[in-house]
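The values are calculated or read from the model by the stated rules, or taken from the named source; none is laboratory data. Being a predicted model, the structure only gives us computed values, none of them experimental. Using ideal geometry, Cβ is built from the backbone for each residue, glycine included, and neighbour counts are taken over all protein chains shown. These area figures cover heavy atoms from the full protein model, side chains too; ligands, DNA and RNA do not enter into them. Shrake-Rupley method; radii C 1.70, N 1.55, O 1.52, S 1.80 Å.
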Amino acid sequence: MEYCLTELQKSVKQMARTIAEEKILPVRAELDEKEEFPWAIIKNLAETDLLGVYIPEEYGGLGGGCLEFCLITEELSRACAGVAVSYAANALGSFTLLEYGSEEQKQKYLPDIAGGKKLTAFALTEETAGSDASAIKTTATRADGGYLINGTKQFITNGGEADIYTIVALTDREKGIRGASTLLVEKNTPGFTFGRKEKKLGIRTSATRELVFEDCLVPEENIIGREGMGFPMVMRLLDRSRPGIGAQAVGLAQGALEAAVDYAKQRNQFDQPVISFQAVSHMLANMATDVEAARALVYTAARTVDSGAKSFSMGSAMAKVFASDVAMRVTTDAIQIFGGVGYMRDYPVEKMMRDAKITQIYEGTNQILRDVIASGLRKKKAFE
Ligand SMILES: Cc1cc2nc3c(=O)[nH]c(=O)nc-3n(C[C@H](O)[C@H](O)[C@H](O)COP(=O)(O)OP(=O)(O)OC[C@H]3O[C@@H](n4cnc5c(N)ncnc54)[C@H](O)[C@@H]3O)c2cc1C
């Protein structure tokens, strides 16, 4: 399919593909097995300026947008979704700063983020606040010289590895979620430590960790925007970042499809390659069609974000839901096409299936996102 990419888009996509093929493919199984954070690859991404693709040039980035970010995420994910999410979570941790941060905050943090000197993370989820993000309990109470943070965040991607954390906490407990605010917390701030490191089904090279805040004092200037703006900021942030999860899912599915086609061409049974059986080739045809449909939806959602449209909740949710369901289906079918060896760790498709599952869960489960889509439908008038 022709997606009419710009020169910048073509070039970042190609750079990401080169890193994926030369640097990620040879080590992805080892990274997965050892559950080791992919620092060497993050360094490669920094050297090629891909970490700051979505950051304006005036802060040291490449000045791209959501589509450029999605193209890179897709290419990385085609080789390893664990690396791709470590890359994408860095953007998630800095989008709020980019959109709502003060000029001083942008000058202070963005050049280091764009250059890959500092990695970021985003922390909303808590043990009792997952889908119901409004149930967060972490507090940031005004104290002499700033805000005193107390609470524990759970399942934070890049936790422990990142240098800058965008966290959501209640600055006014009485108001509940309407009293939530977004704050920046730097690693090594006294009172900020890391708790349990999760052992996961998939995306094992990525770090998923608890953040623990015990009387952690951050200066007043670390609040992003105004007190009480936290929840609307988070909703907007997730609308903006969900096409990225869609892109991660598309990359995964693309990788699984390519592996399945290759295998089906070279595996012989009944004296012929298994791809010559219609049952197999039609599975591959469905997989390829699904992947292309998901890609078209993700790119369109990303372009809508970049267009400056006021609202893009529905399109972003659709892209994430559709692409992640495709990734789950396609990676499962890829194992089927590999037969018994597909179930073994010697081949890449079992990892792809394990990695795909999370795309249906994080940044809003697909159940919650179907609610978002349905709510958009309820608001629309016929023939609008
Ligand atoms: C590997 C990993 C990385 C993550 N990274 C981050 C991160 O970087 N930052 C961060 O803040 N969070 C992160 N998360 C958290 C993630 O976004 C949440 O896990 C997710 O939103 C679901 O919340 P939950 O796990 O508490 O599930 P729950 O909310 O407990 O849901 C359990 C089940 O109930 C369903 N359900 C819940 N409410 C409804 C409803 N109203 N209608 C229909 N069904 C419903 C859900 O769909 C799900 O199937 C990560 C999670 C994982 C596993």
State the percentage of accessible surface on the chain attributable to carbon and sulfur atoms; use a 1.4 Å probe and exclude ligands, DNA and RNA. 52 percent
Work out the charge dipole of region 212-359 with +1 on the Cβ of Lys and Arg and -1 on the Cβ of Asp and Glu about the Cα centre, then indicate which of Thr359, Val326, Ala293 is farthest towards its positive end. Ala293
Treating only the Cβ atoms of Lys and Arg (+1) and Asp and Glu (-1) as charged, compute the dipole magnitude of the chain about its Cα centre; round to the nearest 20 debye. 880 debye
Using the structure shown, select from Lys43/Lys118; Lys108/Lys137; Lys117/Lys199; Lys137/Lys357; Lys13/Lys117; Lys153/Lys351 the pairs with a Cα to Cα distance greater than 20 angstrom. Lys108/Lys137; Lys117/Lys199; Lys137/Lys357; Lys13/Lys117; Lys153/Lys351
Cα lying deepest toward the dipole's positive end in the chain, options Ser77, Gly191, Ser276, charges on Cβ: Ser276
Stretchable slack from Glu35 to Phe194, in nm (0.36 nm times residue separation minus alpha-carbon distance): 55.5 nm
So what is the accessible area of region 81-214 per residue, in Å², with the probe set to 1.4 Å? 39 Å²
Run the Debye formula on the Cα coordinates of region 34-95, all scatterers equal and no solvent, and tell me log10 I(q)/I(0) at q = 0.14 1/Å. -0.36
Using a 1.4 angstrom probe, figure out how much accessible area region 240-384 has per residue, in square angstrom, rounded to the nearest whole. 49 Å²
Ignoring everything but the protein chains, give the 1.4 Å probe accessible area of Lys106 in square angstrom, nearest 10. 40 Å²
Per-residue SASA entry for Glu30, accessible area with 1.4 Å probe, Å² rounded to 10: 90 Å²
With a 1.4 Å probe and all protein chains left in place, how much accessible area per residue does region 1-70 have, in Å²? 51 Å²
Where a ≥ b ≥ c are root eigenvalues of the Cα gyration tensor, a/c under 1.5 meaning rounded, otherwise prolate if a/b exceeds b/c and oblate otherwise, region 170-240 counts as oblate
For region 333-384, listing chymotrypsin sites (Phe, Trp or Tyr not before Pro) in a DSSP loop whose Cβ sees at most 12 other Cβ atoms within 10 Å gives Phe383
Helix-derived mean residue ellipticity, 222 nm - over the chain, DSSP H n ≥ 4, -39500 (n - 2.57), to 500: -16500 deg cm²/dmol
Suppose every K and R has +1 on its Cβ and every D and E has -1 on its Cβ; what is the size of the dipole of region 104-168 about the Cα centre, in Debye to the nearest 20? 180 debye
When all Cα-Cα pair distances of the chain are considered, the percent exceeding 38 Å is 18 percent
Please report, in debye to the nearest 20, how large the charge dipole of region 295-343 is about its Cα centre when each Lys and Arg carries +1 at its beta carbon and each Asp and Glu carries -1 there. 160 debye
Can you tell me the convex hull volume per residue for region 8-116, based on C-alpha atoms, in Å³ to the nearest whole number? 81 Å³
